[in-house]
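Peer 1: Pasting a structure below so you can have a look.
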Amino acid sequence: MCDHLHSHQLYTVAQVRELDRRAIEELGVPGFELMRRAAWAALSSLRRHWPQARRIAVYCGPGNNGGDGFLLAVLAREAGLQVDVFALNEASAGDAATARQAWKDAGGAVRLWHSGDALPTVDVHVDALYGTGLRRAPETSVAALIEAINASGTPVLALDVPSGLDADTGRTPGTAVRAERTVSFIAAKRGLHTGRAANVVGSLELDALGLPESLWRDVSPDARLLMPAHLPPRLRDANKGTNGHVLAIGGEHGMAGAIRLSGEAALRTGAGLASVATRTEHLLALNAARPELMAHGVDGPQALEPLLARANVLAVGPGLGQGAWSHALWLTALDSGKPLVLDADGLNLLAREPRRFTQQAVLTPHPGEAARLLGGTVAEVEADRFAAARALAHRFQAVVVLKGSGSLIANPDGRLNVCPWGNPGMAAGGMGDLLTGIVAALLAQGCDAWQAASLGVGLHARAGDCAARQGERGLLATDLLAPLRALCNGIDA
């Protein structure tokens with residue numbers, strides 16, 4: 001991957017187009033020269049990752065992405081590779097037309113792709129069908145080609161964006177190329193890091209095409225990828241009181257496990273004290289399983305009040321339920337004004353009774369909960385996760401973690417971070433309960449809501465990746481606790 005200053009700065013498609021325009025008009029780099037540099041970057045990636053490749057097929061669309069493909073074909077042929085080139089159209093436009101002619105001038109043939117054509121037997125397929133401009137599903141004939149490429153079992157290199165992926169939102173309106181590797185140009189596109197992107201992007205690298213740093217002046221990224229971070233070392237004279245007291249509230253009948261996971265995650269993330277307010281029936285099990293948790297049976301708001309007075313951060317919602325007992329505790333907790341993390345049924349109750357938060361607050365919805373909070377559908381949330389996360393943060397005046405592949409952390413002021421870690425093994429019960437406790441513990445140790453959410457999401461996902469080294473299937477939430485502790489202490493887990 002290109003070690004570039006902007007590799008962790010994410011841009012919208014409109015911003016990337018503006019950067020492209022500035023490179024051409026203000027820096028004087030011709031569009032065809034950018035195309036040639038992109039082709040060199042793509043060939044370099046191909047030779048690095050498939051050094052044994054002797055024959056490739058390049059599939060070119062009518063736009064500039066196709067132009068990149070035509071020039072890659074020229075360079076690959078000069079490097080001694082056998083190259084088959086397929087085009088979707090009889091002609092290309094603008095700089096892509098010049099690139100197409102360059103391929104023909106080099107003695108190359110262009111075959112038009114027709115539905116039903118057999119793919120050639122090659123070592124690598126190169127996807128240069130569509131670039132960043134595609135927002136719709138590929139048309140039927142192109143979809144058939146994409147599906148044939150995906151079914152071939154041959155590795156795929158995608159140029160800039162896997163065709164069919166929306167580079168702005170991470171959605172795939174129809175079929176999309178499943179690349180083993182994607183080499184992206186000039187700037188990192190935000191849609192390649194969330195939603196469906198993980199299914200199609202493969203390993204991602206960025207090449208800035210040798211453009212000077214001045215290109216990015218005054219163009220602020222839309223979002224940023226999280227970087228690995230650790231908590232600072234503790235003071236040698238620290239005591240349990242200086243490291244915060246988290247009160248986890250939840251655990252309706254039959255759901256003691258959820259609130260235990262939150263409380264234990266808070267302890268493993270460094271909270272000095274962790275209390276649990278739950279149903280009395282759960283106390284024996286909680287005390288036997290994790291005696292370090294101070295578990296209390298509460299039958300209503302009156303019993304909760306003294307626990308609230310002693311805590312400085314609340315974790316509300318895991319296993320809470322939505323009945324009368326649940327609602328009474330939820331309302332009392334929110335009205336206390338204490339900093340809090342709200343998850344699960346805490347969010348479902350918030351959807352029924354919305355409020356804007358004046359205290360430090362972190363909401364951690366999955367797409368279903370986000371849809372209820374916004375009064376929409378899961379499909380609408382997933383259609384633009386960035387817009388949904390920002391809308392939630394603005395509506396509730398809270399930091400929002402929109403969970404999922406490429407979790408998003410949104411601040412009411414518009415800032416947004418994207419988590420580059422995590423794996424499908426974490427799609428299992430209890431993982432969200434852990435995150436609630438982790439973020440609450442960071443709040444208790446002095447982070448503000450934005451810092452706690454960003455650091456907590458990163459620690460949670462990285463712990464999940466460490467735990468998944470033994471396989472993703474069968475991963476349990478409790479498997480994350482040991483690597484979580486190590487990561488919190490700056491130890492490579």
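Peer 1: Being within 21 Å of His245 (Cβ to Cβ) and of a type in the set (A, V, I, L, M) narrows it down to one residue among Ala324, Ala333, Ala351, Ala328; which is it?
Peer 2: Step by step, each of Ala324, Ala333, Ala351, Ala328 is checked, and only Ala333 is within 21 Å of His245 (Cβ to Cβ) and of a type in the set (A, V, I, L, M).
Peer 1: Name every residue in the range 212-252 that is over 30 Å from Leu27 (Cβ atoms), at pLDDT 95 or above and not small (Gly, Ala, Ser), in order of residue number. Before the answer, list the steps.
Peer 2: Narrowing the range 212-252 to residues over 30 Å from Leu27 (Cβ atoms): 226, 228-252.
Then drop every residue that is not at pLDDT 95 or above, which leaves 226, 244-252.
Within the range 212-252, Leu226, His245, Val246, Leu247, Ile249, Glu252 meet the criteria.
Peer 1: For Val122, work out the one condition from (1) in contact with a helix residue (DSSP H, G or I) (Cβ under 8 Å, 6 or more places away or on another chain); (2) assigned to a loop (DSSP other than H, G, I, E, B); (3) surrounded by fewer than 24 Cβ atoms within 10 Å (Cβ to Cβ) it doesn't fulfil.
Peer 2: For Val122, the failing item is (1).
Peer 1: Leu443: open to solvent by less than 10 Å² (accessible area, probe 1.4 Å), outside any loop (DSSP other than H, G, I, E, B) and at pLDDT 95 or above, yes or no?
Peer 2: no
Peer 1: If you go through the range 213-223 one residue at a time, do you hit one that is assigned to a loop (DSSP other than H, G, I, E, B), open to solvent by 10 Å² or more (accessible area, probe 1.4 Å) and among the hydroxyl-bearing types (Ser, Thr, Tyr)?
Peer 2: Yes, there is a match, as at least one residue in the range 213-223 is assigned to a loop (DSSP other than H, G, I, E, B), open to solvent by 10 Å² or more (accessible area, probe 1.4 Å) and among the hydroxyl-bearing types (Ser, Thr, Tyr).
Peer 1: Any residue that is closer than 23 Å to Ala223 by Cα and open to solvent by less than 20 Å² (accessible area, probe 1.4 Å) - is there at least one of those in the range 467-474?
Peer 2: No, that holds for no residue.
Peer 1: Would you call His6 part of a loop (DSSP other than H, G, I, E, B), on the phi < 0 side of the Ramachandran plot, open to solvent by 50 Å² or more (accessible area, probe 1.4 Å) and not aromatic (Phe, Trp, Tyr)?
Peer 2: The answer is no for His6.
Peer 1: While we're on this one: Does Leu134 qualify as being open to solvent by less than 50 Å² (accessible area, probe 1.4 Å), assigned to a loop (DSSP other than H, G, I, E, B) and in contact with a helix residue (DSSP H, G or I) (Cβ under 8 Å, 6 or more places away or on another chain)?
Peer 2: Numbers: open to solvent by less than 50 Å² (accessible area, probe 1.4 Å): yes; assigned to a loop (DSSP other than H, G, I, E, B): yes; in contact with a helix residue (DSSP H, G or I) (Cβ under 8 Å, 6 or more places away or on another chain): no.
Against the criterion (open to solvent by less than 50 Å² (accessible area, probe 1.4 Å), assigned to a loop (DSSP other than H, G, I, E, B) and in contact with a helix residue (DSSP H, G or I) (Cβ under 8 Å, 6 or more places away or on another chain)), Leu134 does not qualify.
Peer 1: Note down all Cβ pairs under 6 Å where the first residue falls in the range 266-283 and is closer than 16 Å to Gly317 by Cα, the second is β-branched (Val, Ile, Thr), and they're at least six residues apart or on different chains.
Peer 2: From residues that are closer than 16 Å to Gly317 by Cα, the pairs are Ala266/Val246; Ala274/Val246; Val276/Ile259; Ala277/Ile249; Ala277/Val298; Thr278/Ile259.
Peer 1: Have a look at Leu334, Leu363, Leu416, Leu349 and point out the one that is within 13 Å of the chain's Cα centre (by Cα) and open to solvent by less than 10 Å² (accessible area, probe 1.4 Å).
Peer 2: Result: Leu416 is the single residue among Leu334, Leu363, Leu416, Leu349 that is within 13 Å of the chain's Cα centre (by Cα) and open to solvent by less than 10 Å² (accessible area, probe 1.4 Å).
Peer 1: From Asp117, Asp127, Asp105, Asp168, which residue is open to solvent by less than 50 Å² (accessible area, probe 1.4 Å), of a type in the set (Asp, Glu) and farther than 26 Å from Val381 by Cβ?
Peer 2: Asp127
Peer 1: Moving on to the next point. For residues that are within 10 Å of Gly437 (Cβ to Cβ) and either aliphatic (A, V, I, L, M) or assigned to a strand (DSSP E or B) (or both), tally how many sit in the range 259-292. Even if it seems obvious, please write down each step before you answer.
Peer 2: At the first step, the residues of the range 259-292 found to be within 10 Å of Gly437 (Cβ to Cβ) are 259-269, 271, 274.
Applying the additional criterion that residues be either aliphatic (A, V, I, L, M) or assigned to a strand (DSSP E or B) (or both) yields 259, 261, 265-267, 271, 274.
Of the residues in that region, 7 qualify.
Peer 1: Of the residues Val418, Val399, which single one is without any contact (Cβ under 8 Å) to a residue 60 or more places away in the chain and of a type outside the set (Ser, Thr, Tyr)?
Peer 2: One residue alone meets the criteria, Val399.
Peer 1: Also: Could you look through the range 122-142, keep only residues that are farther than 16 Å from Gly63 by Cβ and modelled with pLDDT under 95, and pick out the one that is farthest from the chain's Cα centre (by Cα)?
Peer 2: Ser141
Peer 1: Taking the criterion of being in contact with a helix residue (DSSP H, G or I) (Cβ under 7 Å, 6 or more places away or on another chain) and either open to solvent by 50 Å² or more (accessible area, probe 1.4 Å) or farther than 20 Å from Ala148 by Cβ (or both), would at least one residue in the range 50-57 satisfy it?
Peer 2: no
Peer 1: Give Thr358, Thr269, Thr280, Thr377 a once-over and let me know the one that is surrounded by 14 or more Cβ atoms within 10 Å (Cβ to Cβ), at pLDDT 95 or above and of a type in the set (Ser, Thr, Tyr).
Peer 2: One residue alone meets the criteria, Thr269.
Peer 1: Check whether at least one residue in the range 229-252 is within 32 Å of the chain's Cα centre (by Cα), over 20 Å from Val316 (Cβ atoms) and in a strand (DSSP E or B), and report yes or no.
Peer 2: Checking the range 229-252: not a single residue is within 32 Å of the chain's Cα centre (by Cα), over 20 Å from Val316 (Cβ atoms) and in a strand (DSSP E or B).
Peer 1: Something else about it: Kindly list the number of the only condition in (1) within 19 Å of Ala53 (Cα to Cα); (2) open to solvent by 20 Å² or more (accessible area, probe 1.4 Å); (3) touching a residue at least 12 places away in the same chain (Cβ under 8 Å) that fails for Leu88.
Peer 2: (1) is the only condition that Leu88 fails.
Peer 1: Kindly indicate whether any position in the range 384-398 is open to solvent by less than 10 Å² (accessible area, probe 1.4 Å), touching a Phe, Trp or Tyr at 6+ places or on another chain (Cβ under 9 Å) and assigned to a strand (DSSP E or B).
Peer 2: no
Peer 1: Can you pull out every residue in the range 16-47 that is open to solvent by 10 Å² or more (accessible area, probe 1.4 Å), closer than 18 Å to Ala73 by Cβ and not hydrophobic (A, V, I, L, M, F, W, C)?
Peer 2: Of everything in the range 16-47, those that are open to solvent by 10 Å² or more (accessible area, probe 1.4 Å), closer than 18 Å to Ala73 by Cβ and not hydrophobic (A, V, I, L, M, F, W, C) turn out to be Glu33, Arg36, Arg37, Ser44, Arg47.
Peer 1: Kindly list the number of the only condition in (1) assigned to a loop (DSSP other than H, G, I, E, B); (2) modelled with pLDDT of 95 or more; (3) closer than 26 Å to Gly414 by Cα that fails for Leu206.
Peer 2: Looking at each condition in turn, Leu206 falls short on (1).
Peer 1: Further question on the same structure: Out of Gly94, Gly80, I need the residue that is on the phi > 0 side of the Ramachandran plot, open to solvent by 50 Å² or more (accessible area, probe 1.4 Å), without any contact (Cβ under 8 Å) to a residue 40 or more places away in the chain and not polar (S, T, N, Q). Which one?
Peer 2: Within the list Gly94, Gly80, the selection yields Gly80.
Peer 1: I've got another one for you. Can you list residue pairs whose Cβ atoms sit under 8 Å apart, with the first residue in the range 15-44 being outside any helix (DSSP H, G or I) and the second being among the aliphatic types (A, V, I, L, M) and surrounded by 18 or more Cβ atoms within 10 Å (Cβ to Cβ)? Count only pairs 6 or more apart in sequence or on different chains.
Peer 2: Leu27/Leu211; Leu27/Leu215; Val29/Ala23; Val29/Leu211
Peer 1: Please find, within the range 293-312, the residue that is surrounded by the fewest Cβ atoms within 10 Å (Cβ to Cβ) out of those that are in contact (Cβ under 8 Å) with a residue 60 or more places away in the chain and not in a helix (DSSP H, G or I).
Peer 2: Step by step, filter the range 293-312, then rank; the result is Asn312.
The values are calculated or read from the model by the stated rules, or taken from the named source; none is laboratory data. Since we're looking at a predicted model, the values are computed, not measured. Heads up, the Cβs are rebuilt from the backbone with ideal geometry, glycines too, and the neighbour counts pull from every protein chain shown. With ligands, DNA and RNA removed, areas are computed over all heavy atoms of the protein, side chains included. Shrake-Rupley method; radii C 1.70, N 1.55, O 1.52, S 1.80 Å.
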